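The values are calculated or read from the model by the stated rules, or taken from the named source; none is laboratory data. All figures in this text were calculated on a predicted structure; none of them were measured in a lab. Cβ atoms come from the backbone with ideal geometry, glycine included; neighbour counts cover every protein chain shown. Note: accessible area is taken over every heavy atom of the protein model, side chains too, but ligands, DNA and RNA are not part of it. Shrake-Rupley method; radii C 1.70, N 1.55, O 1.52, S 1.80 Å.
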Amino acid sequence: PKTTIDNSCLAAGDQALSMMSMLNPPRIGCYAASDSAKWKRYNDSLVDEENQFELQLWKYDPKVLTTEGCVDVLSLAMCYADVADERVEEAIEEMLEVYWGKTNG
C-alpha cells in the first residue's frame, strides 16, 4: 500500500523516467528499494491501483548512487536495456543527453 512508502524508497521505472524527460507519468507510481526482508512480506499482486504502488527490489541500495529522490540516471537507463518501446527509447536518450551534458560540461 502507498502508506508504506518511506525514505528508503526512490522513484524508479516510468515514474523516475517521467521526472527526467518528457514522458508522461504512469498511473501507478513506481519506487525502488534495496532487497530486504521489510518488503518481502507484502503481496506481489496489484489489487487497487489507487492505493498501491509498484516496488522494484534492487540487489543493492539505490540510495547509495543518488542524492535525488530518484534512482540514478545510469541505473535507470539500464533498467530499460531490453525495452523496445520508441517513446521510452526517446525518453532515455533525452535523459542521457542531459546527464552527459552536465557531466562533461
- Where labels lie 7 Å past Cα in the beta-carbon direction, separation of S34 and I5 in nm: 2.2
- Message: Taking amide H atoms as placed 1.01 Å from N in the peptide plane, list the residues 5 or more away in sequence, or in a different chain, whose amide H sits under 5 Å from that of W58.
- Response: A33, S34, D35
- Is it possible to state the helix-based mean residue ellipticity at 222 nm for the chain, with each DSSP H run of 4+ residues giving -39500 (n - 2.57), the sum divided by total residues, to the nearest 500 deg cm²/dmol? What is it? -10500 deg cm²/dmol
- Amide H contacts under 5 Å for F53, placed H, 5+ residues apart: K2
- Message: Report the number of Lys pairs in the chain whose alpha-carbons are under 19 Å apart, with separation of 8 or more residues or on distinct chains.
- Response: 6
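Which peptide among 52-63, 12-23, 68-79, 83-94 comes first, and what is the full order, when sorted by highest mean count of other Cβ atoms within 10 Å?
Per-residue mean Cβ counts within 10 Å order the peptides as 12-23, 68-79, 52-63, 83-94.
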- Query: Given a Förster distance of 25 angstrom, what is the FRET efficiency for E90 paired with E49, based on the Cβ-Cβ distance and rounded to 0.05?
  - Reply: 0.45
- Expressed as a percent, the accessible surface of the chain that is carbon or sulfur, using a 1.4 Å probe and the full set of protein chains, is 51
